[in-house]
1. Could you tell me whether residue 313 is assigned by TED's automatic domain parsing to the domain that holds residue 461, in a helix (DSSP H, G or I), in contact with a strand residue (DSSP E or B) (Cβ under 7 Å, 6 or more places away or on another chain) and farther than 17 Å from residue 508 by Cβ?
2. List pairs: first in the stretch 152-177 and closer than 14 Å to residue 621 by Cβ, second in a loop (DSSP other than H, G, I, E, B) and hydroxyl-bearing (Ser, Thr, Tyr), Cβ under 7 Å, 6+ apart or cross-chain?
3. Looking only at residues that are more than 23 Å from the chain's Cα centre (by Cα) and acidic (Asp, Glu) in the stretch 549-578, which one is nearest to residue 519 (Cα to Cα)?
4. Among the residues of the stretch 223-272, which ones are under 22 Å from residue 196 (Cα atoms) and assigned to a loop (DSSP other than H, G, I, E, B)?
5. Consider residue 133 against the criteria (1) within 30 Å of residue 608 (Cβ to Cβ); (2) within 27 Å of the chain's Cα centre (by Cα); (3) surrounded by 14 or more Cβ atoms within 10 Å (Cβ to Cβ): it satisfies all of them except one. Which criterion is unmet?
6. Looking at the stretch 221-253, which of its residues are in contact (Cβ under 8 Å) with a residue 40 or more places away in the chain and loosely packed, with under 12 Cβ neighbours inside 10 Å?
7. Which condition does residue 355 not pass, out of (1) farther than 30 Å from residue 214 by Cα; (2) under 35 Å from the mean Cα position of the chain (by Cα), if it passes all the others?
8. Taking residue 68 as meeting all but one of (1) part of a helix (DSSP H, G or I); (2) out of contact with any Lys or Arg (no Cβ under 7 Å at 6 or more places or on another chain), write down the number of the exception.
Amino acid sequence: MFSLTWGSVSGWWTPVCLLSGLAYAWLMYRQPVGISRNLRYGLAALRALAVFFIAFLLVSPLVKSVKYEPQKPLVLIAQDNSSSVNTFKPAGFNSPGFIDELTRLKEQLGDQYDVREFNFDKDLHRGLSKSFNGKQTNIAGALRQLNNGFANQNIGALVLATDGLYNQGNDPQYEAKNIKTSIYTVALGDTTAKRDLLIGNVNYNKTAFLGNDFVIEILAAAYQSEGENMALSIAEDGKQVYQQNIRVTASDFKKVIPVKLNAARKGLRKYTISIAPVKNELSTQNNTETIYVEVLDARQKVLLLYNGPHPDITVIKKAIETNKNYEVKAASISSAADIKPADYSLVILYQVSAADYPPVKSYISKSKTPVWYIIGSQSNLQAVNNEQGVVKISAGHAETQEVLALPANDFTAFNLSDSAKRKIAVLPPLLAPFGSYGTSTGATVLLRQKIGAVATTYPLLAFGDEAGRRVAVLTGEGIWRWQLSQYQNYENQNATDELFSQTVQYLTANSNRRRFRVYAARNVFDEGENVILNAELYNDALELINTPDVKIELKNAAGKNYSYLFTRTGQSYQLDAGPLPVGEYTYNASTQNGRQDFKASGQFTIKPLNLEARQSAANHVLLNTLARQSGGQMLKPADIGKLADLIRKNDNVKTVVYEDKHYSDLVDIKWLFGLILSLLSAEWFLRKREGEL
């Protein structure tokens, strides 16, 4: 549909344009000419119309076009593909047959509905699946992805086929409230409690220190097993270190058992927690849980000196101590008399210089202890400039300005995750001294200053090496603002924690480090998780290089080998080996630089996930609540044939017609120019034929 709209132009210009055309034609054809009267009137009409349309183009009203687009209602099907659905199914339930019935829903609804099919475990995937091999279930995550993926579309109904059990993500009830459509739940699984002993949960710290005791909290549960004895045992690397018998006193029995163990050997220790099975038990998969605890020899100590209280102090201390390898001692200059600088692996000077505390200045001058200067409004810039050469600040007055952090793309000393970089780039500004900044030739900059909308070359966080001592300089204060902003936007402070943890690790790394290092991203990976390994190669000048190829061979406990070639990333190497089978792995990596051969070895573990076996009774109460609060209905698998009729009878599931209005200038209509050209051409041809040209 097309129509004219005038906007700021008056519609009264239309008769003016018409009168202009008539006047032009009258002036041109008012005198008798050597042509007949009828032809003269015809030529005048052609000229009047052409002038009218030309004048109308000058007035330029808007042309409004309206297009109506019907959108069929979307019916989204989300099927739980986790292993609990098939493991704890009721008698007579045919998993593949159920998926076939669910597939037929698309045919039953016909062309009037747009049916999209998905399956989910910890993530959402396209299509339905008969494998039921998911190791984790995140119902809320699946609902959130569907809601975001089909935002502003005509979602008519959501069919959710699940047992209601989840072990990842939030409560699905909260996420379901954001979906403005009817939810039809198909209740899978069996709500009847069967005879079963299981380990419901294990709480523990992933690190412990050599010689210390640590506590593991075990939630032992039993269903329909009243009167039985639960034999709980714990083995460390295959050797039993704990055993206890627990009397089951109820049909629905749960008990938290704290167990104190001793970290007698350093390294990664494997603890297997087991409950002996009993007769006629439903499943023994949930009777065993494996955890790994890394026993560290000792923490490295970090000294944080400051002159006066500041909210940044607490934030910095907590961020560094998220890495269990570090312990931070925060002390003011006035109360530092009893501190022995030699006990610390790193000195952080917060808005002070080493000269402010002579024992620290003396120790730093005699050792290679790394130093991190954090500069702010209280800093003595002249003293800091004299003590280090990484960053020089020239400032005439004690003034500060707000600067944003801009991560540098060419920094290679260590890696920050892309997520941390994105978050840091949008964090609130820090307060930096107002002045001009310079860096030494060998300095590397991780964060640059962005002043307003202008990206500068001024350093915000820079690193250097001064005669074998690593030095870092942060030229701004106000880290506490970063913490508050992250909690508000992300409910965590992972970006700040990662930045400070990585910085401290880099500064405290042994300067006489090995030339070739290969290390796993973590000592323990979850089953199904991609295994990531990193490699670093240094030349004779201890500079990172990645020119030669790096090969690696992984070997599991069964003797199976996996061979890979590392990928170059930045100035180092990385390998994504993908998901590997559960077990203990050792690796041997090799490379060659010139005539020198380098080798490195290590180990990591892939632990099994038993989350899906921790609950056997389906949660149909949750499914009924989701359906009821959305205006839908809960159905049993046997009633799935009724689902198509329920959706058809739902008055809220209907086709929506969207109106699309488009405005364009009259000059954009190309056929109008063709019409004008045709009128003028016809007039010219007739005049030419009559000999009037």
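The values are calculated or read from the model by the stated rules, or taken from the named source; none is laboratory data. It should be emphasised that the depicted structure is a prediction, and the values quoted were computed from it without experimental measurement. For neighbour counting, all protein chains shown are included, and Cβ atoms are generated from backbone atoms with ideal geometry for every residue, glycine included.
1. yes
2. Every condition considered, the pairs that remain are 165/137; 166/137; 172/166.
3. Step by step, filter the stretch 549-578, then rank; the result is 553.
4. Once the filter is applied, which keeps residues that are under 22 Å from residue 196 (Cα atoms) and assigned to a loop (DSSP other than H, G, I, E, B), the stretch 223-272 yields 224, 225, 226, 227, 228, 248, 249, 250, 251.
5. Only one criterion is unmet by residue 133, namely (3).
6. Passing the criteria: none in range.
7. It fails just one condition, (2).
8. (1)
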